[in-house]
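Asks: Here you go, one structure.
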Amino acid sequence: MKPLRSIGTAVLLTTLVMIQACGGGSTPADPPGAPSGPPGASGATADKGGAGELITAADLNLSAVDPAMAEKGKTTYDVKCQACHSTGENRVVGPGWKGVTTRREPAWIMNMIMNIDVMLEKDPEAQKLLEECLVRMPNQNLSKDEAREVLEFMRTL
């Protein structure tokens with residue numbers, strides 16, 4: 001029985017490490033349309049896209065890939081996203097990122113990064129992904145600039 005207990009303990013510890021690596025400790029988002037506190041009061045940015053305010057295509061100005069932004073996005077990916085997403089097509093916990101910018105609109109990707117709670121509540125495609133992945137993506141509390149850098153990194157894949 002000891003080997004089974006050890007395997008169970010190892011699986012539990014691995015799961016806890018993966019959850020922690022994904023950011024864990026997220027705080028619930030304000031309900032959509034709820035007034036937000038003063039800028040900086042909750043650590044959230046005052047940029048559009050924070051605290052339930054969804055980003056639209058008009059909010060993004062995409063041109064050629066910016067290598068400096070993409071490099072910063074890769075750093076964020078290495079720290080906060082890699083435990084659950086691959087840069088290939090294969091699923092880890094969440095879907096692989098290769099070609100994601102051809103499958104999804106940039107504003108949708110930004111909202112999945114910054115407003116996961118609202119997206120899982122209201123967006124049918126986000127809800128479908130949750131059904132497929134069976135794990136709710138944690139809120140990584142990225143600023144709009146950080147999320148934009150991650151999007152830029154995705155555009156290089």
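The values are calculated or read from the model by the stated rules, or taken from the named source; none is laboratory data. Just so it is clear, the model here is predicted, and its values are computed rather than measured. Here the Cβ is made from the backbone with ideal geometry for all residues, glycine too, and neighbour counts use every protein chain on show. When the accessible area is computed, the model is the full protein with side chains, heavy atoms only, and any ligands, DNA or RNA have been set aside. Shrake-Rupley method; radii C 1.70, N 1.55, O 1.52, S 1.80 Å.
Asks: So which residues in the range 49-81 are part of a loop (DSSP other than H, G, I, E, B) and either modelled with pLDDT of 95 or more or open to solvent by less than 70 Å² (accessible area, probe 1.4 Å) (or both)? Steps first, please.
Replies: Initially, the range 49-81 is screened for residues part of a loop (DSSP other than H, G, I, E, B), giving 49-56, 60-66.
The answer is GLY49, GLY50, ALA51, GLY52, LEU54, ILE55, THR56, LEU60, LEU62, VAL65, ASP66.
Asks: Here's another thing I want to ask about it. Does ASN141 qualify as being modelled with pLDDT of 90 or more, of a type in the set (S, T, N, Q) and surrounded by 21 or more Cβ atoms within 10 Å (Cβ to Cβ)?
Replies: Details: modelled with pLDDT of 90 or more: yes; of a type in the set (S, T, N, Q): yes; surrounded by 21 or more Cβ atoms within 10 Å (Cβ to Cβ): no.
Judged against the criteria, ASN141 is not a match.
Asks: I need the full set of residues from the range 82-137 which are part of a loop (DSSP other than H, G, I, E, B), surrounded by fewer than 18 Cβ atoms within 10 Å (Cβ to Cβ) and not charged (D, E, K, R), in order please.
Replies: If the condition is that a residue be part of a loop (DSSP other than H, G, I, E, B), surrounded by fewer than 18 Cβ atoms within 10 Å (Cβ to Cβ) and not charged (D, E, K, R), then GLN82, ALA83, SER86, THR87, GLY88, ASN90, VAL92, VAL93, GLY96, GLY99, LEU134, VAL135 are the ones that fit.
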